[in-house]
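Take a look at the structure set out below.
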Amino acid sequence: MIFREATVNDIDNYMIVRMAVTENVLNNPALVPREDNVDYLTKYGKGWVCEMNGQIVGFSIVGLVQRNVWALFVMPAFEGKGIGGKLHDMMMDWYFTQTGETIWLGTEHGTKAATFYKKRGWREVGTHADDEIKMEMSSKSWNLQKA
C-alpha cells in the first residue's frame, strides 16, 4: 500500500472509488463536479490517496477553509484493511497542524461510517442536511485520541 498526497490528476481515479461505495452513495456525479474537487485539493484543503498495484483504492479530503471532512471513502473490496483509518489519521494530523479549530463532518445514521468515526473519538452534535448526523472533533479530543 502506498499512501500519498492527492493531486488534481487523481480526481478521475478516486471518483471511481466514490462511485463504487455502498454507503453514502452518490447517485448523481454532477452533484460533485470536478471543479469542487480541484478547489478542495488546491484552495480549501488537502487530500490523500491509497494505491495498491497502481490503483487508487481509498481517498480522503479535508477542507481547512470549511473546517470539515469533505470525503473519506474506501473501495468496498478493500474495507477492513486499515486503509480508512490510515487516511483518516493522515488527514486529521495535517488538519490539526494547520489550525486548532474544531472540525465537523456529516454522515448517514446507522452506517459503518458512523461507527468508524465514533470509534475514533468523533462526537455526534446534531443533524446535517436532510438525513445525516453531524459529528465534530476538537483538537483536544484528537490529541487525547492519539495518546
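Every read-out reported here was derived from the displayed coordinates using simple, explicitly stated rules and does not represent laboratory data. Everything numeric here is computed off the predicted structure, so don't read it as measured data. Glycine also receives a Cβ, built like all others from the backbone with ideal geometry; neighbour counts cover every protein chain displayed.
Near Lys46, the amide H atoms lying under 5 Å from its own belong to Val62, Leu64; only residues 5 or more places off or on other chains count, and H is placed 1.01 Å from N. Listed by chain and number, the lysines whose C-alpha is less than 20 Å from the C-alpha of Lys134, apart from same-chain residues fewer than 8 away, are Lys112, Lys118, Lys119.
Taking only the C-alpha atoms of the chain, Rg followed by Dmax gives 14.3, 41 Å.
Please check: in the Gaussian network model of the chain (C-alpha springs, under 10 Å), which one of Met15, Met52, Met91 has the largest mean-square fluctuation. Largest GNM mean-square fluctuation: Met52. Springs join every pair of Cα atoms under 10 Å in this Gaussian network model of the chain, and among Ile56, Ile11, Ile103 the largest mean-square fluctuation is at Ile11.
Remark: region 66-144 carries a charge dipole of roughly 320 debye about the Cα centre, counting +1 on each Lys and Arg Cβ and -1 on each Asp and Glu Cβ. In order along region 115-131, the Karplus-derived 3J(HN,Hα) couplings, from 6.51 cos²θ - 1.76 cosθ + 1.60 at θ = phi - 60°, round to 5, 3, 5, 4, 5, 9, x, 5, 10, 6, 10, x, 10, 9, 6, 7, 9 Hz, and Gly and Pro are given as x.
Region 113-127 and region 46-77 have their alpha-carbon centroids 18 Å apart. Taking the charge dipole of the chain about its Cα centre, with +1 at Lys and Arg Cβ atoms and -1 at Asp and Glu Cβ atoms, the residue from Ile56, Tyr14, Met90 reaching farthest to the positive side is Met90. Per-residue Karplus couplings for region 70-75, computed as 6.51 cos²θ - 1.76 cosθ + 1.60 with θ equal to phi - 60°, are listed in order as 8, 7, 7, 9, 10, 3 Hz, Gly and Pro entered as x.
Projecting label points 7 angstrom from Cα along Cα→Cβ for Asn13 and Ser138 puts them 4.0 nm apart. For the pair Glu23 and Glu51, the difference between a 0.36 nm per residue extended length and the Cα-Cα distance amounts to 8.0 nm.
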